[in-house]
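A short write-up of the structure that comes next.
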Amino acid sequence: MKFFKQIFATFYRIWFYLIIAFFTILLFPFLLISILKHSWYPFFFKVARTWSILVIYGIGCYPVIKRDVKYEKGKSYMFVANHTSMTDIMLMFHSTKNPFVFVGKKELAKIPLFGYIYKRTCILVDRGNTKSRVEAFRRAEIRLNEGLSVCIFPEGGVPDDLSLLLDEFKDGAFRLSIEHQIPIAPMTFHDNKKRFPYFFFIGGPGKMRVKVHKLISTANLTLDNRKELKKETRDVILNELLNPTV
């Protein structure tokens, strides 16, 4: 039985990449036009949401979202979530209509077509390079000053250990939130590790549960409070992973 599950997961993974390639090529003219001007980012975001929704349903998944808050149009947030899968990117796009910019690892820029769009629209960071992290922080500040939101997966990457429920959080998202006095908007992704993990012989279609948590305010906080803010946010996501409400 395990052998047949691995065969299915292999074909499913191939199907995933075919779906990404198909919809990237299909929408590429719109994606290309949307990145010609810096100020057209909100248009790119709408196209990217459409791409994400098509990919999610194209691989046989369906989001189930429970919201404790409704985001305000035109307001900036710091979106954070647990990170276990490439599908986290698509699900984050699907879960909010507020335009945000990803801060993500530079390795994804190597993927054909997708990588070209990715490096033109996201803030790339080499987490092992201090200069790269500082530059990413500066670019994120520019985007926030333009009225956009930012999305950071605060674990800093996907844990190598499949049994690890939630890794420790890095400081970056919380420093930015405090400095710009924008609220943390936590989300919990329950099923992406099961649907499409970073391990080759595991995966399959099904539901993708999302819990959109209440906002965590940064009003009147200083950088001295960032560790408490980080812990509060991590506890919210961890508690939902341990005791699902969706």
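Only one residue in Ile184, Ile117 is touching a residue at least 12 places away in the same chain (Cβ under 8 Å), in contact with a strand residue (DSSP E or B) (Cβ under 8 Å, 6 or more places away or on another chain) and not charged (D, E, K, R), so which one is that?
Numbers: Ile117 fails: in contact with a strand residue (DSSP E or B) (Cβ under 8 Å, 6 or more places away or on another chain).
Of the residues listed, the single one that is touching a residue at least 12 places away in the same chain (Cβ under 8 Å), in contact with a strand residue (DSSP E or B) (Cβ under 8 Å, 6 or more places away or on another chain) and not charged (D, E, K, R) is Ile184.
Looking at Leu162 and the list (1) among the hydrophobic types (A, V, I, L, M, F, W, C); (2) in a strand (DSSP E or B); (3) more than 30 Å from Ile33 (Cα to Cα), which single condition is not satisfied?
(2)
Regarding the range 205-215, can at least one residue be identified that is under 23 Å from Lys97 (Cβ atoms), in a loop (DSSP other than H, G, I, E, B), open to solvent by 80 Å² or more (accessible area, probe 1.4 Å) and at pLDDT 95 or above?
For the range 205-215, residues under 23 Å from Lys97 (Cβ atoms), in a loop (DSSP other than H, G, I, E, B), open to solvent by 80 Å² or more (accessible area, probe 1.4 Å) and at pLDDT 95 or above: present.
Filter the range 16-49 for residues that are out of contact with any helix residue (DSSP H, G or I) (no Cβ under 7 Å at 6 or more places or on another chain), open to solvent by 50 Å² or more (accessible area, probe 1.4 Å) and within 28 Å of Glu146 (Cβ to Cβ) and give the result.
Within the range 16-49, Pro29, Leu32, Ile33, Leu36, Lys37, His38, Ser39, Pro42, Lys46 qualify.
Only residues in the range 131-159 that are under 18 Å from Val80 (Cα atoms) count as the first member; pair them with residues that are open to solvent by less than 10 Å² (accessible area, probe 1.4 Å) and in a helix (DSSP H, G or I), Cβ under 6 angstrom, at least 6 apart or cross-chain, and list the lot.
Short answer, once both residue conditions are applied: Ala140/Leu176; Val150/Ala140; Cys151/Met92; Ile152/Ala173; Pro154/Ala173.
Among residues belonging to the range 179-191 that are open to solvent by less than 10 Å² (accessible area, probe 1.4 Å) and of a type in the set (A, V, I, L, M, F, W, C), point out the one that is farthest from Ile202 (Cα to Cα).
Step one: filter the range 179-191 for residues open to solvent by less than 10 Å² (accessible area, probe 1.4 Å), giving 184-189, 191.
Subset that is of a type in the set (A, V, I, L, M, F, W, C): 184-185, 187, 189.
Details: Ile184: 32, Ala185: 30, Met187: 24, Phe189: 17 Å.
Of everything passing the filter in the range 179-191, Ile184 is farthest from Ile202 (Cα to Cα).
Does the range 113-131 include one or more residues that are under 19 Å from Lys46 (Cα atoms), modelled with pLDDT of 75 or more, buried (at least 16 other Cβ atoms within 10 Å of the Cβ) and among the aliphatic types (A, V, I, L, M)?
Checking the range 113-131: at least one residue is under 19 Å from Lys46 (Cα atoms), modelled with pLDDT of 75 or more, buried (at least 16 other Cβ atoms within 10 Å of the Cβ) and among the aliphatic types (A, V, I, L, M).
Among what's in the range 36-57 and is more than 17 Å from the chain's Cα centre (by Cα) and more than 23 Å from Lys73 (Cβ to Cβ), pick the residue that is modelled with the lowest pLDDT.
So the residue we want is Leu36.
Pick out the one residue from Asp68, Asp88 that is among the acidic types (Asp, Glu) and open to solvent by less than 20 Å² (accessible area, probe 1.4 Å).
Working: Asp68 fails: open to solvent by less than 20 Å² (accessible area, probe 1.4 Å).
Testing whether each residue is among the acidic types (Asp, Glu) and open to solvent by less than 20 Å² (accessible area, probe 1.4 Å) leaves just Asp88.
The values are calculated or read from the model by the stated rules, or taken from the named source; none is laboratory data. As the structure is a prediction and not an experimental result, all values here were calculated from the model. Quick reminder, even Gly has a Cβ in these numbers, built from the backbone with ideal geometry, and neighbours come from all protein chains shown. Remember, those area values only see protein heavy atoms, side chains included, never the ligands or the DNA or RNA. Shrake-Rupley method; radii C 1.70, N 1.55, O 1.52, S 1.80 Å.
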